[in-house]
Amino acid sequence: MEDRKSDGKNPPEWKPELKYDFDPITSDDDIVTVDLGGTPIQCLKIGDALQNLRTARMLPDYRKHIPSIRNMEMDHDDVIICAFTKSGTHWLWEITSMLRNEKADYHGKEKTSAMLEFIPAEVLRSLPKPRIYNTHFTPQCLPKQVFDKRCKILFLQRNPKDVLVSLLSFLKGHTFIDSTIQWEEFISKYMELEVESSLLNWFYYTRQWFEFLKEGHDNIYCLSYEDMKEDSVGEITKLAKFLEVEANNDLVKDIAVKCSFQNMKKAAGSKQETFAINNKEVAQKITNFTYRKGEVGDWKNYFTVAVNEQFNALYDKKMKGIDFKYRYSL
Ligand code: A3P
């Protein structure tokens, strides 16, 4: 790890390691422009998965990667966590890992080491058991065998207002959008977002999943960030039952404590990195936006009354027919 100190005035930017090959763009490719304020983002679109062209080589080329993920072999005991980004995926992944290992010990690696978006299928397939994959993909990009082999899916929900507050700091932190974008500009652009994207468009992602659930899939277990926050022990106990894991009360309580927001934030620095990071200050910055606040209701510090009304109206329009009731405070 290169460890240049910043001068304090200009904290160093994250420079992702661009390690994969990426074939030239051709006229057959679908390129979309996403405008969330500031410099528009150019992305390659495969189905509803987006690959940012500026940092494309950070990930396997989606033109080959998505088909290889679709055709990836799964074992019936592989578990997959599906959530829109910023819904608490790190939290649930760590809890699930502890439950399936029947030990309240942190996983040695970052969650991204088992993420369908980032890791080649052959590497995912070679991970040791118990395998707990995670993804922000919609059902159309999941390995087909997930359904044939009835692998257990954990579908995690979080109220969209807190998700969007969290998303802005994530997108800035990962240099997906300009660091100067302010909340007001972001939310107004976000409410106009039409691109069908599993990564960026909460309304699109969530509708895709709930329409899919209407078909009836008893291998899918739905949890919510807010319920986990309110009663971690109760939610972990129910999850253990779905996972068919023996977990006594002591283990469940230990997991709840080890996976508290503060404890996970502290533990983050000792995990093996998936992406090499250029220095310690940047690593800390990433930890700080990955584990930003961990609260329910922080949106109230951002949404004005007018924006809240606009957002509620948009929600009613976009989510018509979806019955899930989100909790916006505890
Ligand atoms: P905030 O930005 O609102 O703090 P994801 O893991 O899907 O990227 O979600 C990140 C969000 O989950 C962040 O929300 C982060 O702080 C929160 N989070 C991470 N670990 C948590 C934990 N142990 N308890 C509660 N929230 C947690």
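The values are calculated or read from the model by the stated rules, or taken from the named source; none is laboratory data. Quick caveat, the model's predicted, so the values are computed rather than measured. Using ideal geometry, Cβ is built from the backbone for each residue, glycine included, and neighbour counts are taken over all protein chains shown. The accessibility values were calculated without ligands, DNA or RNA, using every heavy atom of the protein model including side chains. Shrake-Rupley method; radii C 1.70, N 1.55, O 1.52, S 1.80 Å.
Observations on the model:
- Search result, residues across the range 241-268 that are within 19 Å of Q157 (Cβ to Cβ) and buried (at least 18 other Cβ atoms within 10 Å of the Cβ): L243, C259
- Among the residues here, I236 qualifies as within 16 Å of the ligand (Cβ to nearest atom), surrounded by 17 or more Cβ atoms within 10 Å (Cβ to Cβ) and farther than 20 Å from S166 by Cβ.
- Considering the conditions (1) β-branched (V, I, T); (2) part of a loop (DSSP other than H, G, I, E, B); (3) at pLDDT 95 or above, V233 is excluded by exactly one of them, (2).
- Some residue of the range 214-223 being within 16 Å of the ligand (Cβ to nearest atom) and either more than 15 Å from T89 (Cβ to Cβ) or within 14 Å of the chain's Cα centre (by Cα) (or both): no
- Taking the criterion of being outside any loop (DSSP other than H, G, I, E, B) and open to solvent by 10 Å² or more (accessible area, probe 1.4 Å), the residues of the range 204-223 that qualify are Y204, R207, Q208, F210, E211, F212, L213, I220, Y221, C222.
- Just one residue in the set E117, E110 is open to solvent by less than 20 Å² (accessible area, probe 1.4 Å) and of a type in the set (D, E); that residue is E117.
- Hits in the range 148-173 (condition: open to solvent by 10 Å² or more (accessible area, probe 1.4 Å) and touching a strand residue (DSSP E or B) at 6+ places or on another chain (Cβ under 9 Å)): K152, R158
- Only residues that are over 14 Å from G47 (Cβ atoms) and either in contact with a Leu (Cβ under 9 Å, 6 or more places away or on another chain) or buried (at least 19 other Cβ atoms within 10 Å of the Cβ) (or both) were counted across the range 183-199, and they come to 8.
- Hey, T55 modelled with pLDDT under 95 and either open to solvent by 20 Å² or more (accessible area, probe 1.4 Å) or not acidic (D, E) (or both) or not: yes
- If the condition is being hydroxyl-bearing (S, T, Y), open to solvent by less than 10 Å² (accessible area, probe 1.4 Å) and away from the ligand (no atom under 16 Å from the Cβ), then the range 58-91 contributes only Y62.
- Count of residues meeting criterion [within 12 Å of the ligand (Cβ to nearest atom), among the aliphatic types (A, V, I, L, M) and loosely packed, with under 15 Cβ neighbours inside 10 Å] in the range 286-317: 0
- Residue count for the range 94-107, restricted to those that are open to solvent by less than 30 Å² (accessible area, probe 1.4 Å) and more than 18 Å from I286 (Cα to Cα): 6.
- Within the range 92-129, tally of residues that are within 16 Å of the ligand (Cβ to nearest atom) and in a loop (DSSP other than H, G, I, E, B): 8
- Members of the range 20-60 that are farther than 19 Å from Y204 by Cα and of a type in the set (D, E, K, R): D21, D23, D28, D29, R54, R57
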